[in-house]
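S.K.: If you scroll down you'll find the structure; I have some questions about it.
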Amino acid sequence: MPVQIRGEVLSLRRAGSYHVLTLTAPGLPELTRPGHFVALSVGGEHTGMMLRRAFSIHRVQSRGVYGGTLDVVFAVHGKGTAWLAERHRHDVIDIVGPLGRPFALPREPVSCVLVAGGYGSAPMFMLADALRERGCRVDVVLGASTEDKLFGVLDAKRMAATLTIATEDGSVGKRGRVTDILPGVMESVDADVIYACGPMGMLAAVAQLAEERGVHSQCAVEEAMACGIGVCMTCVLPVVDERGTTRMVRSCVEGPVFRGDRVRWADVGTIPADCLGAPVGGHR
Amino acid sequence: MTRAVIGHGPLPSEIRDLPDVDMSTSLASFALPNPVLTASGCAASGRELDQFFDITALGAIVTKSIMINPRSGRATPRMAETPSGMLNSIGLQGPGIDAFLERDLAWLRDRGARTVISIAGGSVDEYTRLAQRLRHVPDLSAIEVNISCPNVEDRGQVFACDPYSAAAVVAAVARNSAPGVAVLAKLSPDVTDIVAIAKACIDAGADGLSMINTLLGMVIDPETMRPALAGVTGGLSGPAIRPVAVRAVYQVHAAYPDVPILGMGGIRTGMDALEFVLAGASAVSIGTAIFNDPSTPVRVLAELRDALAERGFERYADAVGYAHREPEPMSTSGGVVSVPRYGADGSWDTVADADIELEAGVEG
């Protein structure tokens, strides 16, 4: 169950191309699981920006001087994130969270590969902690277009059994994409589960690699959301349920984490003709 | 259940000592303890918002428009942010009437929330079947007939853009609804003369009017140089459309002062809601502002109560349509302005104890 709180900015720092924002968030850390997200209001009290911005939760801390705190990672994409990047200490930001369905964790101590593109790695560190507490082996694969668009390389190095990096310009690690290096890592560590977070194209490719090898995958999607709490119906994507029926489901409440084999990746952005309630003769 | 709103502090009326206001109102036969409702499509069926505040504290929940059959809605992207608003192109995604009654309405009933069921159809026959299905719903108080969703393939399907089509749908629902159920017709602002559409609906048996639905709009993405929405066009909502909505409510109330209006369009604060009340709304709905702040409905209710108290209103009902009163006679008494009030019979009188002394008058 989410809370709505007025968080105070404790710090805002740069990390490569990204910003890391730390907010006070009393009551939120205790409810947070890896993969949850928050929806932040932007623009201040009299803003014309009516929609919240959703960010996966990077870290939470329940104890300490400030009570509970929350870290999110963001890139400046538009007016809302530009406003966030201009915040100062003590500024107030309205927070709703934790939201969504978190990553499912294995009951057994299995071998897990965590794959992230860009700042998709933000939720992976809490996830790695939770997996290691269960005795799981954790290997990490990070990718980005270029070195400054990688996030959390040092943390990943510290906690992962192995860290493998791919950049499209070859500025660090192997030249290429995460999906070029993932099969080798999966094989060498005999992966049982893949956890992924990043752009849709990357998730689609990761889910396919996992499925081809009979490996379970958990993918955290990025969909444009207006409310984040399940009332607006803007963030839908086609997902197959247990009975094989495709439905347009809300990524904010039924996701953002989905089983990779349940999402119809190639049909994201469309209404598949065999989807429940699809209009006869297709729909645009 | 613990309500999870932390850090908002006491509500305004708890800090300031304001007199009580009787907030009760009604939409035709549907009596409400207070005039703040949710807007259809902005609160799903109430369950999500109940995490943030007690939804039974609202006048009622207006559910997302339901159709006969399950419907997938339109492709994504379905929304675009616009100045003080947004475009949406959901396309009436929903589970169909059977699943809605079984799951959503059952939950609302168990929760004890007053409910207005919004229905949508592609033909008069579909509306008829929906009304017939709802005849068997016990304790049903009100139906909102959504004849104005802009997110349909064929603009000809927007019944509310044509008086004859609007009347045909409303008549079918009114004829097939149980007696005592208030039938509200939801109107579109995308018409030349909204009063003419209102008249058609009233003559066809509507007990009240909901206004306004979204305005048809469009955004083109300068990066892709294509429409931002997969559905090309979408419905514009949010504070950007508030003046259009207030105008529509004012015009229709002026023409039909006895027909209750559920007013909506960009309400974000109690003061926004007050505009609709003064224009003639018997109740108001909160829509897009919920996406910005899920607690908006309860905050607006508290703010509206205070705004009415500050203006000397003892009853919400006295403020409905107050902007339509005759101009006050020019004051010649040197700075003392009396606040005129509607009498019980709708006539004018002057309430002495509500007199406000202007500072300039006192000093001078």
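No lab work stands behind these numbers, since they all come straight from the coordinates. Just so we're clear, the structure is a prediction, and the values are computed from it rather than from any experiment. Neighbour counts are summed over all protein chains in view; Cβ atoms, including those assigned to glycine, are modelled from backbone coordinates with ideal geometry.
S.K.: Once both labels are modelled 7 Å past Cα along the beta-carbon direction, what's the A:A15-A:A85 spacing in nm?
M.R.: My value for the distance between the label points is 1.6 nm.
S.K.: Here's a follow-up. Under 23 Å Cα-Cα from B:K64, which lysines qualify once same-chain neighbours fewer than 8 residues away are excluded?
M.R.: B:K186
S.K.: Here's a follow-up. Taking the Cα centre as origin and putting +1 on Lys and Arg beta-carbons and -1 on Asp and Glu beta-carbons, what dipole magnitude results for the stretch A:1-124, to the nearest 20 debye? Intermediate values should be presented prior to the final figure.
M.R.: Details: 13 positive and 8 negative charges, 32 e Å.
With Lys and Arg at +1 and Asp and Glu at -1, about 160 debye.
S.K.: What FRET efficiency do you get for A:K174 and A:V76 if R0 is 30 Å and r is their Cβ-Cβ distance, rounded to the nearest 0.05?
M.R.: Efficiency computed from Cβ-Cβ geometry: 0.60.
S.K.: Alpha carbons only, please: Rg and Dmax for the stretch A:54-124, in angstrom.
M.R.: Taking only Cα atoms of the stretch A:54-124, I get Rg and Dmax of 15.2, 44 Å.
S.K.: If you don't mind, another one. Please pull out the direction-averaged projected area of the stretch A:49-171, using the convex hull of its alpha-carbon atoms, in nm² to one decimal place.
M.R.: If you wrap the Cα atoms of the stretch A:49-171 in a convex hull and average its projections, you get 9.4 nm².
S.K.: Averaged over peptide B:281-293, how many Cβ atoms belonging to another chain are found within 10 Å of each residue's Cβ?
M.R.: 3
S.K.: Whole-Å semi-axes of the stretch A:197-284's equivalent ellipsoid, largest first, each the root of 5 times a Cα gyration tensor eigenvalue? Please list the in-between numbers first.
M.R.: Values: eigenvalues 84, 56, 26 Å².
Whole-Å semi-axes of the equivalent ellipsoid: 20, 17, 11.
S.K.: Hey, for a label at A:S145 modelled as a point 7 Å past Cα toward Cβ, could you say which residues of the stretch A:199-217 have their backbone N under 20 Å away?
M.R.: Of the residues in the stretch A:199-217, A:199-206 have backbone N under 20 Å from the label point off A:S145.
S.K.: Expressed as cubic angstrom per residue, what is the convex hull volume of the alpha carbon set of the stretch B:90-133? Don't jump to the answer; show the numbers that get you there.
M.R.: Values: hull volume 3.7 nm³, N = 44.
Given the Cα convex hull of the stretch B:90-133, per-residue volume reads 84 Å³.
S.K.: Also, I was wondering about something else. Cross-link candidates for A:K149: which lysines have Cα within less than 23 Å, leaving aside residues fewer than 8 places away along the same chain?
M.R.: Answer for A:K149, where 23 Å is the Cα cut-off: A:K79, A:K157, A:K174, listed by chain and number.
S.K.: Also, I was wondering about something else. Can you give the relative contact order of the stretch B:140-257 as a percent, counting alpha carbon pairs under 8 Å and 6+ residues apart?
M.R.: 26 percent
S.K.: So what is the relative contact order of chain A, in percent, for Cα pairs below 8 Å that sit 6 or more residues apart? Intermediate results must be reported in sequence, preceding the final value.
M.R.: Values: 674 pairs, mean separation 45.8, N = 284.
Result for chain A is 16 percent.
S.K.: In square nanometres, what is one fourth of the surface area of the convex hull spanned by the alpha carbons of chain A?
M.R.: 15.6 nm²
S.K.: Per the Kirkwood formula on distinct C-alpha pairs, the Rh of the protein assembly as shown is how many angstrom?
M.R.: Final number for the Kirkwood radius of the protein assembly as shown is 26.4 Å.
S.K.: Something else: What dipole magnitude, in Debye to the nearest 20, does the protein assembly as shown give about its Cα centre under +1 on Lys/Arg Cβ and -1 on Asp/Glu Cβ?
M.R.: For the protein assembly as shown, the charge dipole is close to 1900 debye.
S.K.: Give the calculated FRET efficiency between A:V65 and B:R247 to the nearest 0.05, with a Förster radius of 35 Å applied to their Cβ-Cβ distance.
M.R.: Working: r = 53 Å, r/R0 = 1.50.
With a Förster radius of 35 Å, E is 0.10.
S.K.: Using 1/(1 + (r/R0)^6) with R0 = 60 angstrom and r between the beta carbons of A:T245 and B:D17, what's the FRET efficiency to the nearest 0.05?
M.R.: After rounding, the FRET efficiency stands at 0.55.
S.K.: Given contacts defined as C-alpha pairs under 8 Å and at least six residues apart, what's the relative contact order of the stretch A:49-152, whole-number percent?
M.R.: It comes to 25 percent, rounded to a whole number.
S.K.: Positive end of the dipole of the protein assembly as shown, charges at C-beta (+1 Lys, Arg; -1 Asp, Glu), about the Cα centre: which of A:L28, B:A172, A:P109 has its Cα farthest in that direction?
M.R.: A:P109
S.K.: Translational D (Stokes-Einstein, µm²/s) of the stretch A:1-76 at 4 °C and 1.567 mPa s when Rh comes from the Kirkwood sum over C-alpha pairs? It would help to have the intermediate numbers written out before the result.
M.R.: Values: Rh = 13.0 Å.
Answer, rounded: 99 µm²/s.
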